[in-house]
């Protein structure tokens, strides 16, 4: 069965600090997809990135970067020069190749990031 | 990505009543899902809404409690029946354009409080 672990329940940083959110996953499939979502206080879930298991290249998008390492089953997310608007709950999620008619997302428990001014 | 709206955005309901939540997408989508997020918790999949047939429910969720409809490729409803305070949660619908490998995009959620 698939599982996603986000060991950091809450992180608090001061604005302009860099912060890394950890994500460790478990799966028996060789083909799978990893995601990060952001949930600001308003409640909607905002898609940030999708990665497939065959693409281990790290990705950078502005102040965001992701480090995918299959050897350690990790998909960590770094925010550089954090801002107050980055304050949110961040979820890591895993999706395996569906055996039935639909793909399921398994979410981690989330990390509450608070960026202080 | 598709624009997803949910109605109502929030509601406060009395124990024993039912609430129907609507999810509307601005384009046709292949897959629609309903999730529950209890206070301070992660998201749990309730069911996959299948167009023209009965929804596929996850373990722990039953049709009598959470009836779902999906009459077409852009619309779905979730009803929370015979509510109790334990049903107080955020309910989110999500959509994807394909069954395989596609990203799920989420609606803004419905915050439900049951007194």
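Laboratory data are not the source of any read-out in this text; all were calculated from the coordinates shown. Everything numeric in this text was worked out from a predicted model, so none of it was measured. Reconstructed Cβ throughout: ideal geometry from the backbone, glycine too, with neighbour counts over all protein chains shown.
For region A:26-40, a tally of residues being within 14 Å of chain B (Cβ to nearest Cβ) and either free of Cβ contacts under 8 Å to residues at least 60 places away in the same chain or part of a strand (DSSP E or B) (or both) returns 10. Residues in region A:52-73 include at least one that is within 16 Å of the chain's Cα centre (by Cα), at the interface with chain B (Cβ under 9 Å from one of its Cβ atoms) and surrounded by fewer than 18 Cβ atoms within 10 Å (Cβ to Cβ). One residue alone among A:108, A:43 is without any contact (Cβ under 8 Å) to a residue 12 or more places away in the chain and crowded, with 16+ Cβ neighbours inside 10 Å, and that residue is A:43.
Quick check on region A:52-59. Is at least one of its residues within 29 Å of residue B:46 (Cβ to Cβ), assigned to a strand (DSSP E or B) and free of Cβ contacts under 8 Å to residues at least 60 places away in the same chain?
There is at least one residue in region A:52-59 that is within 29 Å of residue B:46 (Cβ to Cβ), assigned to a strand (DSSP E or B) and free of Cβ contacts under 8 Å to residues at least 60 places away in the same chain.
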